[in-house]
1. Rank these for me by crowding, 127, 87, going from fewest to most other beta carbons within 10 Å.
2. With a 10 Å cut-off between alpha carbons and a GNM built on the chain, which of 314, 65, 369 moves the most?
3. Using only Cα atoms and rounding to the nearest 10 degrees, what angle (0 to 90) does helix 37-48 make with the longest principal axis of the chain?
4. Given 10 Å bins starting at zero, what is the percent of C-alpha pairs of the stretch 139-246 in each, up to the one with the largest pair distance?
5. Taking just the C-alpha trace of the stretch 238-325, give me its Rg and Dmax in Å.
6. For residue 91 and residue 6 in the same chain, what is the full-extension length gain: residue separation times 0.36 nm, less their Cα-Cα distance, in nm?
7. Specify whether the C-alpha gyration tensor of the stretch 1-85 places it in the rounded, prolate or oblate class, a ≥ b ≥ c being the square roots of the eigenvalues: rounded for a/c under 1.5, otherwise prolate if a/b is larger than b/c and oblate if not.
8. Return the calculated 222 nm mean residue ellipticity for the chain, to the nearest 500 deg cm²/dmol, obtained by summing -39500 (n - 2.57) across DSSP H runs with n ≥ 4 and dividing by the residue count.
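Any read-out appearing in this document is the output of simple, stated calculations on the displayed coordinates, not a laboratory observation. Not measured: the values here are computed from a predicted model. Backbone-built Cβ (ideal geometry, glycine too); neighbour counts: all protein chains shown.
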């Protein structure tokens with residue numbers, strides 16, 4: 001069985017339990033393909049609604065992006081809410097944002113209800129503008145979020161930011177106190193255990209090889225077994241491959257990278273004086289958070305390449321030193337990368353292909369909470385006929401370029417990186433975007 005890649009999460013996971021490989025024939029109401037958070041939350045939501053579920057995962061539970069990410073749980077989507085409002089109007093956008101807020105609350109509730117050992121659950125996510133940005137940008141963003149969606153953000157002036165972070169990189173910032181960060185892999189494995197305890201059948205080392213129509217239902221074939229089910233839900237996203245060509249043609253699997261330093265002790269408090277997670281306003285942003293044992297977790301970059309761990313560590317260490325040169329002698333303890341699924345429009349893809357085939361994919365770096373949106377909506381649609389998943393219909397499955405998808409995505413990334421570098425060399429810019 002393929003084990004987890006070497007990450008801080010894998011090194012510190014709470015349990016080493018494994019789930020069996022699928023052998024023989026299994027029947028269930030629903031077969032879920034993919035053992036990341038989208039698949040796991042779908043399975044949990046379905047069994048809690050009285051449906052039988054068999055989930056097949058190609059590697060280990062939480063093996064992909066769900067167990068490798070920065071650990072941030074926050075509202076919103078990869079697509080800005082400005083763009084969402086322009087596309088579907090304010091009322092529709094409010095309904096979508098409310099779903100994302102509920103997803104954050106649901107993650108907290110599950111941690112408590114199932115006693116998931118993914119702590120410490122540390123509150124707060126800081127969105128920091130660059131020092132070169134319009135000094136009024138974050139105030140306008142705060143006002144817009146409150147007026148449109150009724151959510152509060154705490155405003156920090158540039159001086160207040162510099163009291164909390166020993167860097168000149170940032171100007172003003174907003175604190176989302178409802179957001180939090182946690183141990184991603186332990187959370188994913190905890191949701192899996194909750195689903196198993198409620199009756200779901202979970203299988204690792206069982207990659208789906210084909211999905212075939214059988215009568216009114218479907219057969220999902222693996223190397224050594226099969227699941228016969230009325231419904232199939234695709235949740236594999238960045239690791240889907242070409243199992244379903246229509247979905248694969250609407251997803252760009254892109255890589256992002258994370259590293260962790262050794263414990264810094266009291267030194268960590270000399271550069272970062274709050275426990276919150278941080279991300280900046282660039283497209284190619286840095287995101288980082290202090291860990292409970294005084295390590296610093298640092299993530300960033302988006303690419304279609306998957307370099308070695310050593311190369312990833314060297315790149316991210318340079319990024320860290322660009323913000324905190326005081327850490328010039330701090331080494332990298334472990335570094336890793338992983339793929340996440342992006343749609344061309346940057347919204348999640350949640351919906352149906354008809355005949356009992358469903359999908360919840362492409363959460364674009366916002367999956368810790370928003371996979372809960374997908375799982376809940378798909379489960380409610382299957383079990384209760386709930387049609388709220390259609391809130392995502394205006395975006396749909398947009399073609400991403402087929403074999404050209406990765407080169408085009410890489411070129412777009414390079415363009416954004418050049419723009420970010422240009423911004424860093426400018427004086428205050430008149431930026432008008434919001435959350």
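1. 87, 127
2. 314
3. For helix 37-48, the angle is close to 50 degrees.
4. Once binned at 10 Å, the Cα pair distances of the stretch 139-246 give 11, 23, 20, 17, 19, 9, 1.
5. 16.0, 52
6. Working: separation 85, 0.36 × 85 = 30.60 nm, distance 4.42 nm.
Going from the current span to full extension adds 26.2 nm.
7. oblate
8. The helix-only estimate for the chain comes to -10500 deg cm²/dmol at 222 nm.
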